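Report on the following structure.
The values are calculated or read from the model by the stated rules, or taken from the named source; none is laboratory data. As the structure is a prediction and not an experimental result, all values here were calculated from the model. Using ideal geometry, Cβ is built from the backbone for each residue, glycine included, and neighbour counts are taken over all protein chains shown. To get the accessible areas, we keep the full protein, side chains included, count just its heavy atoms, and leave off ligands, DNA and RNA. Shrake-Rupley method; radii C 1.70, N 1.55, O 1.52, S 1.80 Å.
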Amino acid sequence: MTGQFYDFAVVGGGLVGATIARGLARQGLKVVVLDEGDVAYRASRGNFALVWVQSKGLNMPAYANWTRRSVLLWPSYAEALEAETGIDVSLEQEGGFHLALSEAEMERTVSLARRINAQPGVTPYTYSVLDGDEIRRRLPGAGPEIVGGTYSPMDGHLNALRLFRATHKAMLVAGVDYRPRQAVVSIGSNDGFRLFSSDAAEVRAARIVLAAGLDNRRLAPMVGLEAPVRPQRGNIIVTEKTAPFLRLPVQTVRQTDEGSVMIGDSQEEAGFSEDVNSGILGVMADRAVRMFPLIGELNVVRMWACLRVLSQDGFPIYDQSETHPGAFLTTCHSGVTLAAAHADLLASCLARGALPDETSSFSVRRFHVSKAA
(Lines give C-alpha, C1' and ligand atoms only; values in the text may rest on other atoms or scores of the structure.)
Protein backbone atom coordinates (compact mmCIF):
# COMPACT_ATOMS: atom_id res chain seq x y z
CA MET A 1 0.00 0.00 0.00
CA THR A 2 2.89 2.36 0.74
CA GLY A 3 3.80 2.83 -2.89
CA GLN A 4 0.38 3.97 -4.09
CA PHE A 5 -0.09 7.67 -4.80
CA TYR A 6 -3.45 9.37 -5.24
CA ASP A 7 -4.63 12.70 -6.55
CA PHE A 8 -6.94 13.03 -3.53
CA ALA A 9 -7.35 11.29 -0.20
CA VAL A 10 -10.73 11.85 1.42
CA VAL A 11 -10.83 11.23 5.16
CA GLY A 12 -14.31 10.09 6.15
CA GLY A 13 -16.71 7.78 4.35
CA GLY A 14 -20.01 9.11 5.61
CA LEU A 15 -22.46 10.85 3.32
CA VAL A 16 -20.36 14.02 2.98
CA GLY A 17 -17.06 12.25 2.33
CA ALA A 18 -18.50 9.65 -0.04
CA THR A 19 -20.37 12.31 -2.03
CA ILE A 20 -17.24 14.41 -2.48
CA ALA A 21 -15.13 11.36 -3.35
CA ARG A 22 -17.59 10.29 -6.04
CA GLY A 23 -17.56 13.81 -7.48
CA LEU A 24 -13.76 14.00 -7.54
CA ALA A 25 -13.43 10.60 -9.21
CA ARG A 26 -15.90 11.68 -11.89
CA GLN A 27 -13.48 14.51 -12.67
CA GLY A 28 -10.98 11.85 -13.75
CA LEU A 29 -8.93 11.90 -10.53
CA LYS A 30 -7.49 8.96 -8.62
CA VAL A 31 -9.22 9.03 -5.22
CA VAL A 32 -8.94 7.01 -2.02
CA VAL A 33 -11.35 7.18 0.94
CA LEU A 34 -10.08 6.31 4.41
CA ASP A 35 -13.09 5.57 6.58
CA GLU A 36 -13.18 4.67 10.25
CA GLY A 37 -16.35 2.72 9.48
CA ASP A 38 -19.62 2.33 11.34
CA VAL A 39 -17.87 2.45 14.72
CA ALA A 40 -17.50 6.19 14.09
CA TYR A 41 -19.98 8.77 15.35
CA ARG A 42 -21.50 8.66 11.90
CA ALA A 43 -24.05 11.44 11.51
CA SER A 44 -25.30 9.76 8.32
CA ARG A 45 -27.14 7.12 10.31
CA GLY A 46 -29.25 9.77 12.02
CA ASN A 47 -30.30 12.09 9.23
CA PHE A 48 -33.98 12.86 8.74
CA ALA A 49 -33.66 12.68 4.93
CA LEU A 50 -35.13 16.10 4.19
CA VAL A 51 -34.14 18.15 1.15
CA TRP A 52 -35.01 21.47 2.70
CA VAL A 53 -34.73 25.25 2.34
CA GLN A 54 -37.17 26.47 4.98
CA SER A 55 -35.49 27.76 8.16
CA LYS A 56 -31.99 27.63 6.63
CA GLY A 57 -29.70 30.65 6.72
CA LEU A 58 -30.81 33.22 9.28
CA ASN A 59 -27.77 35.46 10.00
CA MET A 60 -25.82 33.73 7.21
CA PRO A 61 -27.18 34.79 3.80
CA ALA A 62 -24.53 32.72 2.02
CA TYR A 63 -25.89 29.58 3.67
CA ALA A 64 -29.44 30.37 2.59
CA ASN A 65 -28.21 30.74 -1.00
CA TRP A 66 -25.96 27.64 -0.86
CA THR A 67 -28.86 25.58 0.45
CA ARG A 68 -31.23 26.91 -2.18
CA ARG A 69 -28.76 26.16 -4.97
CA SER A 70 -28.29 22.58 -3.81
CA VAL A 71 -32.04 21.99 -3.49
CA LEU A 72 -32.49 23.10 -7.10
CA LEU A 73 -29.78 20.64 -8.19
CA TRP A 74 -31.33 17.66 -6.43
CA PRO A 75 -33.63 16.36 -9.21
CA SER A 76 -30.77 16.01 -11.68
CA TYR A 77 -28.49 14.59 -8.98
CA ALA A 78 -31.04 11.90 -8.05
CA GLU A 79 -31.34 10.96 -11.71
CA ALA A 80 -27.55 10.72 -12.01
CA LEU A 81 -27.28 8.44 -8.97
CA GLU A 82 -29.93 6.12 -10.38
CA ALA A 83 -28.24 6.04 -13.78
CA GLU A 84 -24.90 5.16 -12.19
CA THR A 85 -26.14 2.61 -9.65
CA GLY A 86 -29.65 1.48 -10.54
CA ILE A 87 -30.81 2.69 -7.11
CA ASP A 88 -33.80 5.00 -6.89
CA VAL A 89 -33.39 7.18 -3.77
CA SER A 90 -37.14 7.96 -3.90
CA LEU A 91 -36.75 11.72 -4.05
CA GLU A 92 -40.13 13.41 -3.69
CA GLN A 93 -39.77 17.15 -4.05
CA GLU A 94 -43.29 18.52 -4.27
CA GLY A 95 -43.12 20.75 -1.19
CA GLY A 96 -42.94 20.61 2.59
CA PHE A 97 -44.51 22.22 5.66
CA HIS A 98 -43.57 23.88 8.93
CA LEU A 99 -46.59 23.43 11.21
CA ALA A 100 -47.53 25.43 14.31
CA LEU A 101 -49.59 24.19 17.27
CA SER A 102 -50.11 27.64 18.82
CA GLU A 103 -50.37 31.25 17.77
CA ALA A 104 -46.97 31.94 19.33
CA GLU A 105 -45.39 29.13 17.27
CA MET A 106 -47.12 30.45 14.19
CA GLU A 107 -45.72 33.92 14.74
CA ARG A 108 -42.18 32.55 15.17
CA THR A 109 -42.48 30.34 12.08
CA VAL A 110 -43.68 33.14 9.81
CA SER A 111 -41.17 35.60 11.26
CA LEU A 112 -38.30 33.19 10.58
CA ALA A 113 -39.24 32.79 6.91
CA ARG A 114 -39.60 36.54 6.44
CA ARG A 115 -36.34 37.39 8.19
CA ILE A 116 -34.35 34.82 6.19
CA ASN A 117 -35.67 36.09 2.87
CA ALA A 118 -35.28 39.76 3.80
CA GLN A 119 -31.53 39.50 4.39
CA PRO A 120 -29.33 41.51 2.02
CA GLY A 121 -27.84 39.30 -0.69
CA VAL A 122 -30.33 36.46 -0.24
CA THR A 123 -32.09 34.96 -3.25
CA PRO A 124 -35.50 34.37 -1.64
CA TYR A 125 -37.03 30.93 -1.59
CA THR A 126 -40.69 30.49 -2.46
CA TYR A 127 -43.10 29.97 0.43
CA SER A 128 -46.73 30.53 1.45
CA VAL A 129 -48.31 31.29 4.82
CA LEU A 130 -51.32 29.01 5.43
CA ASP A 131 -53.98 28.95 8.13
CA GLY A 132 -55.10 25.77 9.88
CA ASP A 133 -58.04 25.11 7.57
CA GLU A 134 -55.79 25.32 4.49
CA ILE A 135 -53.27 22.99 6.13
CA ARG A 136 -56.03 20.46 6.79
CA ARG A 137 -57.25 20.79 3.21
CA ARG A 138 -53.79 20.02 1.85
CA LEU A 139 -52.95 17.39 4.49
CA PRO A 140 -56.21 15.50 5.15
CA GLY A 141 -54.80 13.70 8.19
CA ALA A 142 -53.83 16.92 9.98
CA GLY A 143 -55.36 17.42 13.42
CA PRO A 144 -57.57 20.22 14.78
CA GLU A 145 -54.83 21.71 16.98
CA ILE A 146 -52.78 22.93 14.02
CA VAL A 147 -53.29 26.70 13.78
CA GLY A 148 -51.30 27.14 10.56
CA GLY A 149 -47.85 27.01 9.09
CA THR A 150 -45.65 27.73 6.13
CA TYR A 151 -45.28 25.75 2.92
CA SER A 152 -42.47 25.81 0.37
CA PRO A 153 -42.81 24.01 -2.98
CA MET A 154 -39.01 23.67 -3.09
CA ASP A 155 -38.80 21.23 -0.19
CA GLY A 156 -38.92 17.45 -0.23
CA HIS A 157 -37.56 14.20 1.20
CA LEU A 158 -36.08 10.86 0.15
CA ASN A 159 -35.10 7.40 1.38
CA ALA A 160 -32.06 7.92 3.61
CA LEU A 161 -30.82 4.33 3.58
CA ARG A 162 -31.03 4.11 -0.20
CA LEU A 163 -29.20 7.42 -0.54
CA PHE A 164 -26.27 6.20 1.56
CA ARG A 165 -26.14 2.92 -0.34
CA ALA A 166 -26.38 4.67 -3.73
CA THR A 167 -23.68 7.18 -2.79
CA HIS A 168 -21.25 4.44 -1.79
CA LYS A 169 -22.03 2.38 -4.86
CA ALA A 170 -21.62 5.43 -7.13
CA MET A 171 -18.30 6.15 -5.47
CA LEU A 172 -17.09 2.64 -6.27
CA VAL A 173 -18.48 2.76 -9.82
CA ALA A 174 -16.49 5.95 -10.35
CA GLY A 175 -13.31 4.10 -9.40
CA VAL A 176 -12.73 5.29 -5.82
CA ASP A 177 -10.50 3.09 -3.67
CA TYR A 178 -12.60 2.69 -0.54
CA ARG A 179 -10.85 1.53 2.63
CA PRO A 180 -13.15 0.88 5.58
CA ARG A 181 -11.89 0.44 9.15
CA GLN A 182 -9.01 2.78 8.35
CA ALA A 183 -9.10 5.49 11.00
CA VAL A 184 -6.46 8.12 10.24
CA VAL A 185 -3.98 8.44 13.11
CA SER A 186 -1.61 11.04 11.70
CA ILE A 187 -1.04 13.18 8.62
CA GLY A 188 2.35 14.35 7.43
CA SER A 189 3.19 16.68 4.57
CA ASN A 190 6.29 16.09 2.52
CA ASP A 191 5.97 16.03 -1.27
CA GLY A 192 2.22 15.88 -0.88
CA PHE A 193 0.51 14.25 2.10
CA ARG A 194 1.20 11.02 3.94
CA LEU A 195 -1.70 9.58 5.90
CA PHE A 196 -1.16 6.81 8.43
CA SER A 197 -4.12 4.72 9.50
CA SER A 198 -4.85 2.66 12.59
CA ASP A 199 -3.36 -0.50 11.05
CA ALA A 200 -0.10 1.33 10.22
CA ALA A 201 -0.88 1.46 6.50
CA GLU A 202 0.40 4.52 4.67
CA VAL A 203 -1.40 6.40 1.92
CA ARG A 204 0.18 9.18 -0.12
CA ALA A 205 -1.82 11.83 -1.94
CA ALA A 206 -1.24 15.15 -3.66
CA ARG A 207 -4.26 16.70 -1.91
CA ILE A 208 -6.63 15.77 0.89
CA VAL A 209 -10.18 16.54 2.01
CA LEU A 210 -11.06 16.20 5.67
CA ALA A 211 -14.71 15.10 5.79
CA ALA A 212 -14.60 13.14 9.03
CA GLY A 213 -17.41 14.90 10.89
CA LEU A 214 -16.67 15.30 14.59
CA ASP A 215 -13.19 13.82 14.13
CA ASN A 216 -12.27 16.81 11.98
CA ARG A 217 -11.58 18.63 15.23
CA ARG A 218 -8.64 16.27 15.91
CA LEU A 219 -7.42 15.99 12.33
CA ALA A 220 -7.58 19.61 11.18
CA PRO A 221 -4.56 20.93 13.19
CA MET A 222 -2.37 18.30 11.52
CA VAL A 223 -2.64 20.32 8.30
CA GLY A 224 -2.83 23.85 9.69
CA LEU A 225 -6.62 24.04 9.86
CA GLU A 226 -9.25 24.41 12.58
CA ALA A 227 -12.53 22.57 12.99
CA PRO A 228 -14.33 23.95 16.07
CA VAL A 229 -17.18 21.45 15.92
CA ARG A 230 -19.24 19.87 18.67
CA PRO A 231 -21.77 17.04 18.90
CA GLN A 232 -25.47 17.77 19.27
CA ARG A 233 -27.72 14.83 20.00
CA GLY A 234 -30.93 14.20 18.10
CA ASN A 235 -33.52 11.49 18.83
CA ILE A 236 -35.55 9.68 16.18
CA ILE A 237 -38.72 7.58 16.45
CA VAL A 238 -39.85 5.20 13.70
CA THR A 239 -43.29 3.58 13.66
CA GLU A 240 -44.62 0.48 12.00
CA LYS A 241 -45.63 0.74 8.35
CA THR A 242 -49.10 1.98 7.57
CA ALA A 243 -51.19 3.01 4.58
CA PRO A 244 -50.11 6.31 2.98
CA PHE A 245 -51.64 9.31 4.75
CA LEU A 246 -48.88 11.97 4.71
CA ARG A 247 -47.89 12.65 1.12
CA LEU A 248 -45.72 15.70 1.83
CA PRO A 249 -43.17 15.98 4.63
CA VAL A 250 -43.36 18.20 7.69
CA GLN A 251 -40.15 19.47 9.26
CA THR A 252 -40.49 17.08 12.23
CA VAL A 253 -42.74 14.32 10.83
CA ARG A 254 -42.55 12.43 7.56
CA GLN A 255 -43.94 9.21 6.13
CA THR A 256 -41.34 7.27 4.20
CA ASP A 257 -41.92 5.75 0.79
CA GLU A 258 -42.06 2.37 2.55
CA GLY A 259 -44.92 3.43 4.83
CA SER A 260 -43.29 3.96 8.24
CA VAL A 261 -43.49 7.32 10.01
CA MET A 262 -40.35 9.11 11.20
CA ILE A 263 -40.47 11.65 14.02
CA GLY A 264 -37.40 13.75 14.80
CA ASP A 265 -35.69 17.12 15.18
CA SER A 266 -34.81 17.15 18.90
CA GLN A 267 -31.68 19.07 19.91
CA GLU A 268 -29.64 18.23 23.02
CA GLU A 269 -26.20 19.27 24.25
CA ALA A 270 -25.27 15.85 25.67
CA GLY A 271 -21.61 15.48 24.72
CA PHE A 272 -20.82 12.26 22.89
CA SER A 273 -23.63 10.26 24.48
CA GLU A 274 -25.84 8.44 21.96
CA ASP A 275 -28.34 7.29 24.59
CA VAL A 276 -31.98 8.02 23.84
CA ASN A 277 -33.78 10.49 26.09
CA SER A 278 -37.19 9.09 27.08
CA GLY A 279 -38.48 12.48 28.19
CA ILE A 280 -37.68 14.12 24.88
CA LEU A 281 -39.03 11.11 22.98
CA GLY A 282 -42.31 11.58 24.83
CA VAL A 283 -42.53 15.25 23.88
CA MET A 284 -41.74 14.43 20.25
CA ALA A 285 -44.39 11.71 20.12
CA ASP A 286 -46.99 13.95 21.75
CA ARG A 287 -46.43 16.74 19.24
CA ALA A 288 -46.57 14.31 16.33
CA VAL A 289 -49.91 12.89 17.53
CA ARG A 290 -51.32 16.39 18.01
CA MET A 291 -50.37 17.17 14.42
CA PHE A 292 -51.57 13.85 13.00
CA PRO A 293 -53.85 11.88 15.38
CA LEU A 294 -53.49 8.71 13.29
CA ILE A 295 -49.91 8.36 14.54
CA GLY A 296 -51.27 7.63 18.01
CA GLU A 297 -52.65 4.32 16.71
CA LEU A 298 -49.28 3.11 15.39
CA ASN A 299 -46.72 0.95 17.16
CA VAL A 300 -43.19 2.25 17.59
CA VAL A 301 -40.66 -0.18 16.16
CA ARG A 302 -37.39 1.72 16.58
CA MET A 303 -35.89 4.60 18.55
CA TRP A 304 -32.33 5.81 18.48
CA ALA A 305 -30.12 8.85 18.96
CA CYS A 306 -27.28 10.18 16.83
CA LEU A 307 -24.91 13.10 16.90
CA ARG A 308 -25.08 16.09 14.58
CA VAL A 309 -21.86 17.87 13.64
CA LEU A 310 -22.23 21.54 14.58
CA SER A 311 -19.85 24.48 14.43
CA GLN A 312 -19.96 27.33 16.93
CA ASP A 313 -22.69 29.14 14.99
CA GLY A 314 -24.34 26.03 13.52
CA PHE A 315 -23.28 26.74 9.93
CA PRO A 316 -20.91 24.71 7.73
CA ILE A 317 -17.16 25.14 7.64
CA TYR A 318 -15.38 24.94 4.29
CA ASP A 319 -11.71 25.86 4.41
CA GLN A 320 -8.34 25.33 2.76
CA SER A 321 -4.99 25.41 4.48
CA GLU A 322 -2.57 28.27 3.94
CA THR A 323 0.32 26.41 5.58
CA HIS A 324 -0.37 23.06 3.89
CA PRO A 325 -1.48 23.82 0.31
CA GLY A 326 -3.80 21.17 -1.04
CA ALA A 327 -5.48 20.40 2.30
CA PHE A 328 -9.23 21.12 2.47
CA LEU A 329 -11.82 20.84 5.22
CA THR A 330 -15.56 20.40 4.92
CA THR A 331 -18.03 19.91 7.72
CA CYS A 332 -21.77 20.47 7.94
CA HIS A 333 -24.93 19.06 9.51
CA SER A 334 -27.04 19.17 6.31
CA GLY A 335 -25.37 16.34 4.44
CA VAL A 336 -28.55 15.32 2.60
CA THR A 337 -29.72 18.76 1.53
CA LEU A 338 -26.21 19.81 0.49
CA ALA A 339 -25.27 16.53 -1.23
CA ALA A 340 -26.15 17.79 -4.69
CA ALA A 341 -23.97 20.88 -4.26
CA HIS A 342 -21.13 18.79 -2.82
CA ALA A 343 -21.30 16.30 -5.69
CA ASP A 344 -21.32 18.83 -8.49
CA LEU A 345 -20.17 22.30 -7.43
CA LEU A 346 -17.81 21.56 -4.54
CA ALA A 347 -16.11 18.52 -6.08
CA SER A 348 -15.48 20.22 -9.43
CA CYS A 349 -13.88 23.23 -7.71
CA LEU A 350 -11.73 21.02 -5.46
CA ALA A 351 -10.54 19.18 -8.55
CA ARG A 352 -9.30 22.54 -9.84
CA GLY A 353 -7.56 23.24 -6.56
CA ALA A 354 -9.86 25.75 -4.85
CA LEU A 355 -13.11 26.07 -2.96
CA PRO A 356 -16.19 27.53 -4.70
CA ASP A 357 -16.63 31.29 -4.39
CA GLU A 358 -20.03 30.63 -2.79
CA THR A 359 -18.33 29.05 0.25
CA SER A 360 -15.96 31.92 1.08
CA SER A 361 -18.18 33.03 3.97
CA PHE A 362 -17.89 29.61 5.60
CA SER A 363 -14.20 29.85 6.50
CA VAL A 364 -13.30 29.39 10.17
CA ARG A 365 -11.92 32.93 9.95
CA ARG A 366 -15.43 34.20 10.69
CA PHE A 367 -14.97 33.11 14.32
CA HIS A 368 -11.68 35.00 14.59
CA VAL A 369 -13.40 38.19 13.44
CA SER A 370 -16.05 37.74 16.14
CA LYS A 371 -13.39 37.34 18.81
CA ALA A 372 -11.52 40.43 17.64
CA ALA A 373 -14.71 42.50 17.71
Of 285, 182, 208, which is farthest along the charge dipole of the chain in the positive direction, counting Lys and Arg as +1 and Asp and Glu as -1 at C-beta?
-> 208
Debye, to nearest 20: dipole size of the chain, +1 on Lys, Arg Cβ, -1 on Asp, Glu Cβ = 520 debye
The local net charge around residue 192, scoring Lys/Arg +1 and Asp/Glu -1 for residues other than residue 192 whose Cβ lies under 14 Å from its Cβ, equals +1
The range 1-150: C-alpha pair distances exceeding 23 Å, % = 56 percent
Pairwise FRET efficiency - residue 90 versus residue 183, Cβ, R0 = 45 Å, nearest 0.05 | 0.90
Assigning unit charges at the beta carbon (Lys, Arg +1; Asp, Glu -1) and nothing else, what dipole magnitude in debye, to the nearest 20, does the range 119-269 show about its Cα centre?
-> 480 debye
Given labels modelled 7 Å from the Cα in the Cβ direction, how far is it in nm from residue 274 to residue 297?
-> 3.5 nm
Work from the charge dipole of the chain (Cβ charges, +1 for Lys and Arg, -1 for Asp and Glu, about the Cα centre) and give the residue of 229, 306, 104 farthest towards its positive end.
-> 229
Formal net charge of residues neighbouring residue 27 (Cβ-Cβ distance under 13 Å; K, R +1; D, E -1) | +3
Considering only 112, 307, 163, give the residue with the highest GNM mean-square fluctuation for the chain, with springs between Cα atoms whenever their separation is below 10 Å.
-> 112
Note to self, the chain gives a 222 nm [θ] from helices alone (DSSP H runs n ≥ 4, -39500 (n - 2.57) apiece, / all residues, nearest 500) of -8500 deg cm²/dmol
Expressed as a percent, the accessible surface of the chain that is carbon or sulfur, using a 1.4 Å probe and the full set of protein chains, is 51 percent
How big, in percent, is the set of alpha carbon pairs in the range 206-341 lying more than 17 Å apart?
-> 65 percent
Which residue, chosen from 74, 58, 85, occupies the Cα position most advanced towards the positive end of the dipole of the range 58-107, where the dipole is computed from +1 (Lys, Arg) and -1 (Asp, Glu) charges on Cβ about the Cα centre?
-> 58
Quotient of Cα radius of gyration and Kirkwood radius for the range 174-259, i.e. Rg/Rh, equals 1.19
Cβ-Cβ cut-off under 13 Å around residue 115, Lys and Arg +1, Asp and Glu -1: the net charge is +2
Please give the contour-minus-distance gain from residue 267 to residue 283: 0.36 nm per residue of separation, less the Cα-Cα distance, rounded to one decimal in nm.
-> 4.5 nm
FRET efficiency for residue 59 and residue 145, Cβ-Cβ distance as r, R0 = 51 Å, nearest 0.05?
-> 0.95
At 1.4 Å probe size, with every protein chain present, just tell me what the per residue accessible area of the range 60-217 comes to in Å².
-> 44 Å²
Expressed in Å to one decimal, the Kirkwood Rh of the chain from all distinct alpha-carbon pairs is 21.3 Å
At most 10 other Cβ within 10 Å, DSSP loop - trypsin sites (Lys or Arg not before Pro), the range 320-373 | 352
Aspartates and glutamates with Cα under 15 Å of residue 30, excluding same-chain neighbours fewer than 8 positions away = 7, 177
Treating the angle as unsigned and between 0 and 90°, give the value, to the nearest 10°, between the Cα long axis of helix 61-85 and the longest Cα principal axis of the chain.
-> 80 degrees
